[in-house]
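Report on the following structure.
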Amino acid sequence: MSAMISIDHLGAAERFSMVSWTVVPRPIAWITSVSPAQENNLAPFSFFTIASTDPLILMVAIEPREDGSPKDTLNNILATREFVVQIAETDRVDEVARSGADSPPHFDELAALALPTSKASRVLPPVIDGCAAVFECELVETRSFGRETLVFGEVLTARVSERLITESGRIDKAALRPLGRIGSTFAASTLLPRSAAPAQAAG
Ligand SMILES: Cc1cc2nc3c(=O)[nH]c(=O)nc-3n(C[C@H](O)[C@H](O)[C@H](O)COP(=O)(O)O)c2cc1C
């Protein structure tokens, strides 16, 4: 067994790098939001998880821009209290990457990438067509322990792609192509055989 090396002495940035390459893989929330002036916005966020199952609440951590100003997604969510989380699969990796490029405030990534969208049913931000899952969310709370703002959104309504549902109404594991983040790279997850999972695993 190899020895463990402490990372406590590292600076915040280096320690974070170690964490981002080890607390993995991270799912990616591909978030659409609108500004009060009705400008669309799209960006990916991998500090993203399920914060609560009932009520169903998703959490995303949004850092400030390098100049310290808030990102458009956070500004929009705080102003309108609405956002949509899309779960993209590996075939959308280029679009996800391009939507996360630094762009000027108020830049419409949806239009720039010519992504086909539909109207959401409970909120104003548009829904990107063809994603594995779509969660229409309402802001319930924000919290901050430092640089990041943690955004908690209650899922008002959710949909899963018909392509991923089996005849018995379960997720078709063979059809799912999860796109995630490991460190600062994209990752595709492969499923291990069922025997590798504990019998009663919850998560
Ligand atoms: C795959 C991926 C994951 C990202 N995850 C995060 C994240 O968790 N938190 C964050 O603040 N920025 C994250 N970013 C960077 C934002 O997407 C980026 O700053 C984006 O330009 C923000 O756009 P906005 O100003 O339109 O909100 C990520 C970028 C990529 C490509």
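The values are calculated or read from the model by the stated rules, or taken from the named source; none is laboratory data. As the structure is a computational prediction, the values presented were derived from the model and not from experiment. For neighbour counting, all protein chains shown are included, and Cβ atoms are generated from backbone atoms with ideal geometry for every residue, glycine included. These area figures cover heavy atoms from the full protein model, side chains too; ligands, DNA and RNA do not enter into them. Shrake-Rupley method; radii C 1.70, N 1.55, O 1.52, S 1.80 Å.
Structure values in brief
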{"read-out": "Residue check, W30 touching a residue at least 24 places away in the same chain (Cβ under 8 Å), out of contact with any Asp or Glu (no Cβ under 7 Å at 6 or more places or on another chain) and open to solvent by less than 20 Å² (accessible area, probe 1.4 Å)", "value": "yes"}
{"read-out": "Failed condition for E148, given (1) within 16 Å of the chain's Cα centre (by Cα); (2) over 26 Å from I171 (Cα atoms); (3) open to solvent by less than 40 Å² (accessible area, probe 1.4 Å)", "value": "(3)"}
{"read-out": "Residue in the range 110-133 that is near the ligand (Cβ under 9 Å from one of its atoms) and not small (G, A, S) present", "value": "no"}
{"read-out": "Some residue of the range 172-195 being part of a strand (DSSP E or B), free of Cβ contacts under 8 Å to residues at least 12 places away in the same chain and surrounded by 13 or more Cβ atoms within 10 Å (Cβ to Cβ)", "value": "no"}
{"read-out": "Candidates E148, E162 - the one that is under 24 Å from F16 (Cβ atoms) and of a type in the set (D, E)", "value": "E148"}
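Yes/no per residue for (1) open to solvent by 40 Å² or more (accessible area, probe 1.4 Å); (2) closer than 22 Å to F16 by Cα; (3) assigned to a loop (DSSP other than H, G, I, E, B); (4) out of contact with any strand residue (DSSP E or B) (no Cβ under 6 Å at 6 or more places or on another chain):
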| site | (1), (2), (3), (4) |
| --- | --- |
| T49 | yes, yes, no, no |
| R65 | yes, yes, yes, yes |
| T73 | no, no, no, no |
| D94 | yes, no, no, yes |
| D102 | yes, yes, yes, yes |
| A120 | no, no, yes, no |
| L124 | yes, no, yes, no |
| G130 | yes, no, yes, yes |
| C137 | no, no, no, no |
